[in-house]
Amino acid sequence: MIETKNILELFKPIVKEVLESMLKEEREIYLENNPPTKGNGFYERDLKTAFGELTAIRVPRTRDNGFKSALLPYRKRITEDLDALIRAMLISGMSTRKIAEVLKELYEIKISYANISRISQVGIEEIQKWRSRPLMEEYAVVFLMLWCFLSREKGRK
């Protein structure tokens with residue numbers, strides 16, 4: 001049987017190659033829309049993803065330093081899907097220590113407990129925003145429909 005870790009290892013070079021190609025194309029579009037500037041080589045950075053850590057990704061630059069990729073999170077070392085995974089584990093009640101162990105075991109990614117706490121804080125802030133949002137009138141209808149359905153189901157038993 002093939003382990004999940006081995007399958008992810010097979011995909012890492014492909015994901016990296018596709019990402020680099022997309023970044024180059026993104027820069028080409030930027031250069032077409034900004035004719036005075038030119039390409040200015042590449043710099044390398046690492047990115048932690050659900051496939052594991054992608055190392056030495058070649059990120060294109062421009063002379064005017066105006067190119068910012070929409071695909072690659074700016075100044076972030078962790079992709080949004082991995083962020084979401086960490087938040088989901090936290091919401092389900094896992095400790096930061098256990099989350100770090102899971103990420104290390106499954107994805108060979110080492111993230112400090114402090115960084116996991118920081119990511120969770122963002123999640124908590126999002127939940128607070130959602131909880132304190134103004135409610136629209138349509139929610140009452142959905143609630144009443146659900147209540148009627150559940151009451152009817154309760155009466156059938």
**Prompt:** Taking the condition within 20 Å of Leu103 (Cβ to Cβ) and either surrounded by 15 or more Cβ atoms within 10 Å (Cβ to Cβ) or not assigned by TED's automatic domain parsing to the domain that holds Ile111 (or both), does Pro60 pass?
**Reply:** no
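Residue-wise test of (1) under 30 Å from Glu125 (Cβ atoms); (2) part of a helix (DSSP H, G or I); (3) among the charged types (D, E, K, R).
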| position | (1), (2), (3) |
| --- | --- |
| Ser21 | no, yes, no |
| Asn40 | no, no, no |
| Asp46 | yes, no, yes |
| Leu71 | yes, no, no |
| Leu82 | yes, yes, no |
| Ala100 | yes, yes, no |
**Item:** Test: residue in region 91-114 that is surrounded by 15 or more Cβ atoms within 10 Å (Cβ to Cβ) and more than 17 Å from the chain's Cα centre (by Cα)
**Value:** yes
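Among Leu82, Leu47, Leu71, Leu54, which is out of contact with any Ser or Thr (no Cβ under 7 Å at 6 or more places or on another chain), among the hydrophobic types (A, V, I, L, M, F, W, C) and either on the phi > 0 side of the Ramachandran plot or surrounded by 13 or more Cβ atoms within 10 Å (Cβ to Cβ) (or both)?
Numbers: Leu82 fails: out of contact with any Ser or Thr (no Cβ under 7 Å at 6 or more places or on another chain); Leu47 fails: out of contact with any Ser or Thr (no Cβ under 7 Å at 6 or more places or on another chain); Leu71 fails: either on the phi > 0 side of the Ramachandran plot or surrounded by 13 or more Cβ atoms within 10 Å (Cβ to Cβ) (or both).
Going through Leu82, Leu47, Leu71, Leu54 in turn, just one is out of contact with any Ser or Thr (no Cβ under 7 Å at 6 or more places or on another chain), among the hydrophobic types (A, V, I, L, M, F, W, C) and either on the phi > 0 side of the Ramachandran plot or surrounded by 13 or more Cβ atoms within 10 Å (Cβ to Cβ) (or both): Leu54.
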**Subset of region 85-115 that is touching a Ser or Thr at 6+ places or on another chain (Cβ under 8 Å) and farther than 22 Å from Ile14 by Cβ - its residue that is modelled with the lowest pLDDT** = Arg87
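Is it true that Ile86 is among the β-branched types (Val, Ile, Thr), without any contact (Cβ under 8 Å) to a residue 24 or more places away in the chain and in a helix (DSSP H, G or I)? Spell out the reasoning first.
Numbers: among the β-branched types (Val, Ile, Thr): yes; without any contact (Cβ under 8 Å) to a residue 24 or more places away in the chain: no; in a helix (DSSP H, G or I): yes.
Taking the combined requirement at face value, the residue does not satisfy it.
The values are calculated or read from the model by the stated rules, or taken from the named source; none is laboratory data. Everything quoted here is computed from the prediction, not taken from an experiment. Here the Cβ is made from the backbone with ideal geometry for all residues, glycine too, and neighbour counts use every protein chain on show.
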